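Derivation of every value follows stated rules applied to the coordinates shown; laboratory data play no part. Keep in mind the model is a prediction, meaning the values are calculated, not measured. Cβ sites come from the backbone with ideal geometry, for glycine too, and all protein chains shown count toward neighbours.
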Ligand SMILES: [Cu+2]
C-alpha cells in the first residue's frame, strides 16, 4: 500500500519543496465522487546542488497506481494541465487539485510536484477511502466541438484495437508468405551455386508490390478518413506554461542558524538560531515544519488551531516544539533561541540519514505568529551534525 515516499533522501525532502497549509476536503469518497486538495509550497532558497532546479515542473497527485483521476488542477490559479517552466527558488506557490475516486480501496494520496531531472517530491499523504464499484466509474466529457463522450475511459479503444488488427494481419501475412517456403539452408545453397535469380520469383515480386501499395493506401486512406470525420483535432500539448510566484511576503523575521545537531539516540533535532524581528508586533515561534513533519510550539498563541483536523496525524509531533525561552520576540529585538524538535517520527519517516549524506544539511520552514494570530514564515537551513551521546 505504501509507495516509497519514506525512501527518499532527507536532502530531497527537507531542502527542496516544503509544503504547508495542505488540506484535504474529504477522507472518504464514492467511485466518481470528487475531492479537493489545496495547499501551498515554498521552493527552498538553499536548494541542494545534487538536485536539478525546478526548470520544468508538473503538478499532480500521488497515489499507488491509478486509483484516482485528476479532474482539474491549478497552480496559482492557472490551469496546470501541462508542465510549468522556471519556478523561482525562495518563492511560494499555491495549488489546487480536484480528484475523483476511481478504484475502491484505502489509498494514500499526496500532492506531488514532479521536477524534471529530480523526480517526484511529495507533500503530506492522507488516507482516502474510495467506496463503491470500479465498474461504475465513468469519465464523461464534452469535447470542444460539443460532442458528448459518455466515458473517456474506453473512448476510441475499440477503434485503436481494429487498427492494431489490420496491421498485425498484414504483417503476419507477409511473414507467413516467406516462412512457408524452404528457408535458410536451401536458399543458401542456391546462393552458393550462383543462381540468385531463383530466389525471388515474379509472383514474390507481384505480392510485394501489391502489399506495398495496400500499405500506403491504408495509411493515406486512414488519414483522409480521420481528417474528414474529425475536422477539428487538437494535438497533444507539449509546450510548458509560465506562472508567477505568489507575492513575496515581507521578511519579518531574520533567522540565522548558528548550530544544528541531530541527537541520534534521542531522536531529536536541536537548532540554535539567531532571530531578529523586523516587524512592528511581538512575534512568537509557532511551528517548525520540514519534510511535511510538523512541530508546533504549544505555548504560542493560536497553537491549538495551527494544525487543521484534516492534516494526517502521523505527521504531527505529539510533544510539539520545545523552545529555550518562549517569550515573544519584541519588535527590533535580536535573540538566540534554541529549538528542540523531538519525536520518533524522525526515525519512522526515515529522515535520520543525515548521518550518511555527503552534504549534511537540513532545511525547513519556521512559522511565527503575532498576538492577533497573523502568521509569517521564514526559510531556515544550515549544516547539521549528528551526535551520538547517550541520554
Ligand atoms: Cu503515501
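Can you sort 227, 215 from fewest to most other Cβ atoms within 10 Å of each residue's own Cβ?
Ranking 227, 215 by Cβ neighbours within 10 Å, fewest first, gives 227, 215.
Give the Rg (one decimal place) followed by the Dmax (whole number) of the stretch 243-285, computed from C-alpha coordinates and expressed in Å.
Taking only Cα atoms of the stretch 243-285, I get Rg and Dmax of 15.1, 44 Å.
Which of 337, 128, 200 comes first, and how do the rest follow, when ranked by fewest Cβ neighbours within 10 Å?
Lowest to highest Cβ neighbour count: 200, 337, 128.
Going by how many other beta carbons lie within 10 Å of each one, how would you line up 213, 253, fewest first?
213, 253
How big is the C-alpha Rg of the chain next to the rule-of-thumb value 2.2 N^0.38 Å, as a ratio?
1.41
Can I get the semi-axes of the stretch 157-229's equivalent ellipsoid? Compute them from the C-alpha gyration tensor as square roots of 5 times the eigenvalues, in angstrom, largest first.
The equivalent ellipsoid of the stretch 157-229 has semi-axes of 35, 14, 7 Å.
Tell me what the chain gives for mean residue ellipticity at 222 nm when only DSSP H runs of n ≥ 4 count, each as -39,500 (n - 2.57), the sum divided by the residue total, rounded to 500 deg cm²/dmol.
Value at 222 nm, helices only: -5500 deg cm²/dmol.
Can you work out the FRET efficiency for the pair residue 46 and residue 127, with r the C-beta to C-beta distance and R0 = 25 Å, to the nearest 0.05?
Calculated value: 0.20.
May I ask for the angle, rounded to the nearest 10°, between helix 157-179 and the longest principal axis of the chain, with both axes built from Cα atoms and the value confined to 0 to 90°?
50
On average over all directions, what projected area in square nanometres does the stretch 5-144 have, based on the convex hull of its Cα atoms?
Approximately 8.8 nm², given one-decimal rounding.
Hey, could you pull the Cα Rg and Dmax for the stretch 253-387, both in Å?
Rg and Dmax of the stretch 253-387, Cα atoms, are 14.4, 43 Å.
Return the FRET efficiency for the residue pair residue 206, residue 184: r is the Cβ-Cβ distance, R0 is 30 Å, and the value is rounded to the nearest 0.05.
Calculated transfer efficiency: 0.80.
Quick one: grab Rg to one decimal and Dmax as a whole number for the stretch 228-330, Cα atoms only, in Å.
21.7, 75
Using alpha carbon centroids, what distance separates the stretch 323-391 and the stretch 131-178, in Å?
Taking the Cα centre of each part, the stretch 323-391 and the stretch 131-178 sit 53 Å apart.
Treating the angle as unsigned and between 0 and 90°, give the value, to the nearest 10°, between the Cα long axis of helix 202-229 and the longest Cα principal axis of the chain.
Approximately 50 degrees, to the nearest 10.
When N is the residue count of the stretch 1-71, what does its C-alpha Rg come to as a fraction of 2.2 N^0.38 Å?
Relative to the 2.2 N^0.38 Å estimate, the stretch 1-71 comes out at 1.32.
For the stretch 206-281 and the stretch 44-117, what is the separation of their C-alpha centers, rounded to whole Å?
Distance between centres, Cα-based: 7 Å.
Any idea how far apart residue 30 and residue 338 come out in nm if each label point goes 7 Å out from Cα toward Cβ?
5.7
What distance in nm separates the simple spin-label points at residue 226 and residue 142, each placed 7 Å from Cα in the Cβ direction?
Result for the modelled spin labels: 2.7 nm.
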